[in-house]
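Just below is one structure, and these are the notes that go with it.
The values are calculated or read from the model by the stated rules, or taken from the named source; none is laboratory data. Here the structure is a predicted model, which is why all the values come from computation and not from measurement. Cβ sites come from the backbone with ideal geometry, for glycine too, and all protein chains shown count toward neighbours.
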Amino acid sequence: MIQTIEELREYLYKGLQLEHATLPPYLTALYSLHPGKNSDARHVIRVVAVEEMLHLTLVANVLNAVGGTPNLTKRGFVPNYPTRLPAGPDDFEVHLRPFSPEALATFLRIEKPAQAASEEDRFVPMDWATLGLTSNGSAPSPDELAELEESGTVLGLVPGDPTQRFSSIGEFYEEIIRGINHLEDQARKVGKTIFTGNPAHQVTPEYFYSGGGDVIKVTGRDTAVAALTLVAEQGEGLHGAIFDNQDEIAHYYRFQQLEMGKYYQKGDEPGDPSGPDLHVDWSAVYPVKPDIKLKHLEGDPEILAAAKEFNQSYAAFLTDINLAYNGQPDLLLKAVWEMFRIRDSMNRLIRNPLTGQSGENAGPTFELWPSKEETP
Amino acid sequence: MTQGPTADEKLREFVKFSAAVTGFSEFDLWGTGQAEAYYETVVNQVGPDAIQNAISSDPSVVPADPVVQSIIKLWYVGVWYGPELAGRVDVAAWTAPGRSGAKPAVSDDSQPEESWNRQAVPGQHQAGESGAYAEDGRKALFVVSSEAYTEGLLWRAIGAHPSGAKAPGYGSWVNPPAFENYQKEQV
């Protein structure tokens with residue numbers, strides 16, 4: 001249970017990291033689609049990616065509201081892919097890879113509704129041996145744990161106790177909502193509130209257009225819970241429902257449509273969409289090398305230069321978003337221009353075949369803080 | 001028995017040559033996503049031998065081989081101008097500033113208009129094509145695909161974007177055109 005405001009802020013920072021971490025895999029798959037093809041898949045992935053950007057902003061609003069300071073520029077904020085996400089008793093790897101049945105299966109797991117059966121099931125001890133992180137299954141050293149927690153190698157760890165993780169992302173947000181309620185109850189008993197943040201740091205709807213739903217200005221308990229509930233609902237669905245109260249389809253069911261080749265319509269039961277047919281052409285995809293790193297590009301100096309430039313511009317983009325989340329929300333409008341440039345840069349990388357590795361294409365590496373030995 | 005270059009090698013050779021004559025890097029050319037479509041277009045229109053001749057010609061010679069001119073235009077505007085159109089006054093006028101492809105700005109009395117389409121053709125359902133095709137299936141003038149237009153090098157060359165596509169974001173017009181510079185040392 002979250003006991004202090006500092007813990008709550010740490011949870012919310014991890015929430016920012018988590019929401020952002022879905023973007024590189026979604027965008028890599030999105031831009032791997034051949035231009036002019038796969039319009040159904042393009043639309044579905046794009047909508048989900050845009051809503052993840054809304055979620056990032058909503059979590060930033062909650063963090064600002066409780067007097068925290070969003071930091072998207074901290075080392076390790078962007079994971080070194082693959083990263084791991086929780087799925088009940090198991091966890092699974094999330095790769096940067098082209099659109100494919102495997103990628104879609106991963107997306108479904110990312111968004112899968114997963115409410116724990118009981119209170120005890122909400123937390124799962126980490127299995128270090130299976131992860132290959134320690135040979136005998138014991139926890140890594142405290143230093144290694146700290147590094148692991150910061151790096152985003154494993155997402156969904158319990159902040160402050162990384163020997164355990166949440167059984168699902170939904171449970172992670174459930175814990176935050178409980179923490180907010182608990183801390184706010186405590187504060188109110190002595191005539192105070194935890195919502196002491198500067199209201200000018202809230203990102204409000206006029207700064208967030210066409211962004212997959214309305215951004216919520218967080219000023220107190222109700223709006224905080226509403227913002228976090230929206231994050232959970234858009235992903236997994238509200239109590240497993242396909243449509244939310246605004247007739248938006250939850251991400252899980254959006255992706256399921258691609259798997260089943262049919263759209264959902266109102267009145268459908270989960271797993272049984274009855275809307276129009278939908279077509280996926282698995283072959284109209286650039287074969288992006290999975291989890292590509294700068295070190296794979298040594299034989300292609302032009303691609304390497306562009307990949308490095310992409311990483312720099314992505315870092316600069318996160319810096320701008322971060323300023324927007326820290327009192328200059330109007331910068332979000334300019335960040336949209338950067339997003340378009342990022343899209344174009346990703347497209348160029350993904351359309352370039354690698355030499356000497358027949359059948360594989362380049363892609364963005366998202367190595368924002370490469371260690372020395374990884375830099376060619 | 002010696003093996004000739006594979007299809008992949010031929011495509012790479014085409015892109016390498018195209019980089020030399022367009023002034024853009026191979027990375028940028030692949031980045032358009034049009035390399036395969038353009039190579040196929042040139043092969044279909046002038047045949048593999050003509051490409052080979054063009055590639056082995058000296059790129060510094062002026063005027064260049066008409067096929068080379070066609071290849072350069074293809075990358076810049078996404079439109080195939082057959083080498084038979086080289087030097088045509090009406091085509092030059094059509095592509096002059098202020099004209100973007102509707103109709104020739106000045107009529108060309110030297111040839112009847114339908115002769116364009118008569119030389120033309122083939123193939124694949126090109127957007128907006130009309131008129132008769134030549135018996136050999138060639139076509140003198142067509143937009144390769146809807147993506148070819150938006151991927152034309154000319155937009156990057158002038159630091160702009162194709163009208164109606166690849167929008168750079170609401171309000172971004174407040175910025176001056178952005179010229180990219182990481183390939184400036186090349187050619």
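Tallying residues that are assigned to a loop (DSSP other than H, G, I, E, B) and in contact with an Asp or Glu (Cβ under 7 Å, 6 or more places away or on another chain) within segment A:320-357 yields 2. Summed over segment B:24-55, residues that are away from chain A (no Cβ under 14 Å) and either among the β-branched types (Val, Ile, Thr) or in a loop (DSSP other than H, G, I, E, B) (or both) total 6. For the residues A:Thr193, A:Thr163, A:Thr204, the requirement of being assigned by TED's automatic domain parsing to the domain that holds A:Ala116, at pLDDT 95 or above and surrounded by fewer than 20 Cβ atoms within 10 Å (Cβ to Cβ) singles out A:Thr193.
Please tell me if B:Glu13 is part of a helix (DSSP H, G or I) and within 14 Å of chain A (Cβ to nearest Cβ).
In short, yes.
Of the listed requirements (1) small (Gly, Ala, Ser); (2) without any contact (Cβ under 8 Å) to a residue 60 or more places away in the chain; (3) over 19 Å from A:Leu56 (Cα atoms), A:Gly240 misses just one: (2). Could you tell me which of the residues A:Ser100, A:Ser141, A:Ser135 is among the small types (Gly, Ala, Ser), under 24 Å from A:Glu367 (Cα atoms) and either assigned by TED's automatic domain parsing to the domain that holds A:Ala41 or in contact with a His (Cβ under 6 Å, 6 or more places away or on another chain) (or both)? The match here is A:Ser100.
Would you check if there is a residue in segment A:320-341 being closer than 21 Å to B:Lys16 by Cα and either touching a helix residue (DSSP H, G or I) at 6+ places or on another chain (Cβ under 8 Å) or crowded, with 19+ Cβ neighbours inside 10 Å (or both)? Show your work before the answer.
Pass one, segment A:320-341, residues closer than 21 Å to B:Lys16 by Cα: none.
Within segment A:320-341, none of the residues are closer than 21 Å to B:Lys16 by Cα and either touching a helix residue (DSSP H, G or I) at 6+ places or on another chain (Cβ under 8 Å) or crowded, with 19+ Cβ neighbours inside 10 Å (or both).
Filtering segment A:249-304 to residues that are within 14 Å of another protein chain (Cβ to nearest Cβ) and loosely packed, with under 15 Cβ neighbours inside 10 Å leaves A:Ser283, A:Gly299, A:Pro301.
Per-residue answers, yes or no, for (1) modelled with pLDDT of 85 or more; (2) closer than 22 Å to B:Gly23 by Cα:
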| site | (1), (2) |
| --- | --- |
| B:Ser130 | no, no |
| B:Lys139 | no, no |
| B:Ala148 | yes, yes |
| B:Gly152 | yes, yes |
| B:Ile158 | yes, yes |
| B:Phe179 | no, yes |
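Quick check on segment A:63-76. Is at least one of its residues within 23 Å of A:Tyr253 (Cα to Cα) and not β-branched (Val, Ile, Thr)? No, there is no match, as no residue in segment A:63-76 is within 23 Å of A:Tyr253 (Cα to Cα) and not β-branched (Val, Ile, Thr).
Restricting attention to segment A:34-53, does a residue exist that is closer than 30 Å to A:Gly327 by Cβ, in contact with an Asp or Glu (Cβ under 7 Å, 6 or more places away or on another chain) and surrounded by 19 or more Cβ atoms within 10 Å (Cβ to Cβ)? The answer is yes; a qualifying residue exists. Number of residues in segment A:315-341 that are in contact (Cβ under 8 Å) with a residue 60 or more places away in the chain and more than 8 Å from every other protein chain (Cβ to nearest Cβ): the value is 12.
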